[in-house]
Amino acid sequence: MTEDFKPETQGAAPSSGAKVGRAVIYFGFVVVAAGITYAVVRGALARPPADPTAERIRVLIEEANRLLKELDDKRSG
């Protein structure tokens, strides 16, 4: 055999430190992906702020309907 060929290092499994390091990196990727997903979903499902103009229009429509009902009651009664 030659000095360059070392069968004990050829195809050997990575050390436990390398396995732990790789696991930490994968865990980091999973955490970052989960955080991004959470932010996107929360942003997509967030309600827009209440529009005061829309609320005022709704109140005016209800008041107009009430007045029309009173007018119809006066005409028929």
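Read-outs: derived from the displayed coordinates by stated rules, not from any lab. It should be emphasised that the depicted structure is a prediction, and the values quoted were computed from it without experimental measurement. Neighbour counts are summed over all protein chains in view; Cβ atoms, including those assigned to glycine, are modelled from backbone coordinates with ideal geometry.
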Which net charge results when you count Lys and Arg as +1 and Asp and Glu as -1 among the other residues whose beta-carbon is under 12 Å from that of ILE57?
-2
What is the projected area of the convex hull of the Cα atoms of the stretch 25-77, averaged over all directions, in nm²?
5.3 nm²
